[in-house]
Each structure stands twice: as structure tokens, then as C-alpha cells.
Amino acid sequence: VYDEAAIEPHIVCYYTEDRTLYDLLSSGASFHGFNAGVIFGLRLHPNEVKELRALEYKVAKEGGLSVLYGAGARRLQLIGIKYG
């Protein structure tokens, strides 16, 4: 059973059959925390990012979900300006 608010990464995992994403999600690690770690070069466990680096977490979450929903470069640029 998954939290409905965090279903998008699981749907992407299902349709793409991406093994890395599957391993990440099945381990219980935070999808958005993982993305924040990659984007910002954070040396934290993905589940620690939301609490310890809240701004980076928010940017990664909004940007990641925007990409999943088909946002283009302009939308991502606006996210950068919003948090910039």
C-alpha cells in the first residue's frame, strides 16, 4: 500500500521498468530526497534530505514532478527563479 500523494514515482517505475528506480523505491528511500542528492551533490541518505536540506528537497520535488507531468524548460526555469 502506497501513500496516494507519492504515487507518481511508483507509476513511472512500473511503466519504465527501471531497475535503479525499483531498487530505490523498494528500499523505502525518498524519491525526492534521492533526486535532491543527485542535483545538489548532497552526501546524505535520501530520507534525511527533507529534514536537513528542506529547500533543496522542495526544489527537487517540484522540479521532478514537473518533469514527470511533461513540463518544459520554461517551467523549470520558473522553479529556479522561485527558489533562486
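The values are calculated or read from the model by the stated rules, or taken from the named source; none is laboratory data. Everything numeric here is computed off the predicted structure, so don't read it as measured data. Accessible surface is based on the protein model in full, side chains and every heavy atom, while ligands, DNA and RNA are left aside. Shrake-Rupley method; radii C 1.70, N 1.55, O 1.52, S 1.80 Å.
When the chain is fully extended, how far beyond the present Cα-Cα distance does Val38 get from Gln77, taking 0.36 nm per residue of separation?
In short, 12.2 nm is gained.
At 222 nm, what helix-only mean residue ellipticity would the chain give, in deg cm²/dmol to the nearest 500, using -39500 (n - 2.57) for each DSSP H run of four or more?
Using -39500 (n - 2.57) per qualifying helix, the result is -21500 deg cm²/dmol.
Send over a whole-number figure in Å² for the accessible area per residue of the chain, probe 1.4 Å.
72
Please state, rounded to one decimal and in Å, the Kirkwood hydrodynamic radius that the chain gives when every pair of distinct Cα atoms enters the mean of 1/r.
13.3
Where does the Debye-calculated log10 I(q)/I(0) of region 45-84 sit at q = 0.16, 0.19, 0.20, 0.29 Å⁻¹, using only Cα point scatterers of equal weight, no solvent?
Log10 of I(q)/I(0), two decimals: -0.41, -0.55, -0.59, -0.93.
How much of the accessible area of region 33-84, in percent, comes from carbon and sulfur atoms when a 1.4 Å probe is used?
Of all accessible area on region 33-84, carbon and sulfur atoms account for 56 percent.
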